[in-house]
Amino acid sequence: MKILVISSSLRLGSNSGLIAAEFARGAVESGNVVEEISLKGRQIGFCTGCLSCQETRRCCIADDSADIIRKMHDADVIVFASPIYFYGLSGQLKVLLDRSNPLYGTDYRFKDIYLILTAAEDEAATPDRAVSSLQGWVDCFDRSRIAKVIFAGGVNERNAASGHAAMKNAYETGKEIGER
Ligand SMILES: Cc1cc2nc3c(=O)[nH]c(=O)nc-3n(C[C@H](O)[C@H](O)[C@H](O)COP(=O)(O)O)c2cc1C
C-alpha cells in the first residue's frame, strides 16, 4: 500500500509528529511504501473560494499545495497528524484540506484515512470537534472513511508524547496495514 503521512504541527519536538513517525515506522516495517510530509516550511495559501478547480481540477494558486494534493490523490491511505488548537484541527491542516478541493470529483485512490491528534487536555471529548471537522472532509470523498483516530491527551510540552501509549498504538496500527 502507498501511505502518505502528513504532519501539520510546525513546532520542533512536535507531539503529533512523533506519533506520526511511529505510525510510519510500523507501516514501513510491514512492507508499505510510506512517504512522510511535514507542512513546516511549506507555502500553502488560503483557498479563495473561486471554485475554478471544479472546472479545471487544479488550483489557480501556484504554491506548495499542488504537490501535496497530487500525493494525496495517489495514496491508498492518508494519515493526518494535528495538534488540537481550540478544540479543532490546526489551522494549517484545515487550510490544506480546503485547498484539496481540486480532488473533488476525481478518481482519487485513497480510502482509509487515519487521524492522529495531540492535546494538553485528556478528556474523552477533547478530540471530538477535530474529528468531526475531518469527518466533514471525508464525507465529501465518499469512497473514503476515517479508519481510526489515535488521540494522545495530556501532552503539552515538546516531545511529551514520547512515552505515551499512543506511540505504541500508532506503530501497531501502521504495522497492521500491510498485514491485512
Ligand atoms: C494555539 C493553540 C491552541 C491550543 N488549543 C488547545 C485546546 O483547545 N485543547 C487542548 O487540550 N490543548 C490545546 N493546545 C495544546 C496543544 O494541543 C498541545 O500542546 C499539543 O501537544 C501540541 O501538539 P504538537 O506538539 O504536535 O504541536 C493548544 C496549543 C496551541 C498552540
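The values are calculated or read from the model by the stated rules, or taken from the named source; none is laboratory data. Remember, it's a predicted structure, so these values are computed and weren't measured experimentally. Heads up, the Cβs are rebuilt from the backbone with ideal geometry, glycines too, and the neighbour counts pull from every protein chain shown. Ligands, DNA and RNA are excluded from the accessible area calculation, which covers all protein heavy atoms including side chains. Shrake-Rupley method; radii C 1.70, N 1.55, O 1.52, S 1.80 Å.
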Q | Top-ranked residue of the range 64-91 - restricted to ones that are within 16 Å of the ligand (Cβ to nearest atom) and of a type outside the set (A, V, I, L, M, F, W, C), ranked as surrounded by the most Cβ atoms within 10 Å (Cβ to Cβ) | A | S82
Q.
Given (1) in contact with a Leu (Cβ under 7 Å, 6 or more places away or on another chain); (2) open to solvent by less than 30 Å² (accessible area, probe 1.4 Å); (3) not in a helix (DSSP H, G or I), identify the lone condition not met by Y114.
A. (1)
Q: Tally the residues that are part of a strand (DSSP E or B) and either small (G, A, S) or surrounded by fewer than 18 Cβ atoms within 10 Å (Cβ to Cβ) (or both), restricting the search to the range 117-152.
A: 6
Q. Applying the selection to the range 92-101, what residues are part of a helix (DSSP H, G or I) and either under 24 Å from G153 (Cα atoms) or open to solvent by less than 10 Å² (accessible area, probe 1.4 Å) (or both)?
A. Q92, L93, K94, V95, L96, L97, R99
Q. From the list S38, S8, S65, which one is of a type in the set (S, T, N, Q), within 19 Å of A152 (Cβ to Cβ) and without any contact (Cβ under 8 Å) to a residue 60 or more places away in the chain?
A. S38
Q) For the subset of the range 8-42 comprising residues that are more than 13 Å from the chain's Cα centre (by Cα) and of a type in the set (D, E, K, R), which member is farthest from V77 (Cα to Cα)? A) R11
(Q) Just the residues that are more than 22 Å from V5 (Cα to Cα), at pLDDT 95 or above and outside any loop (DSSP other than H, G, I, E, B), please, taken from the range 35-54. (A) C53
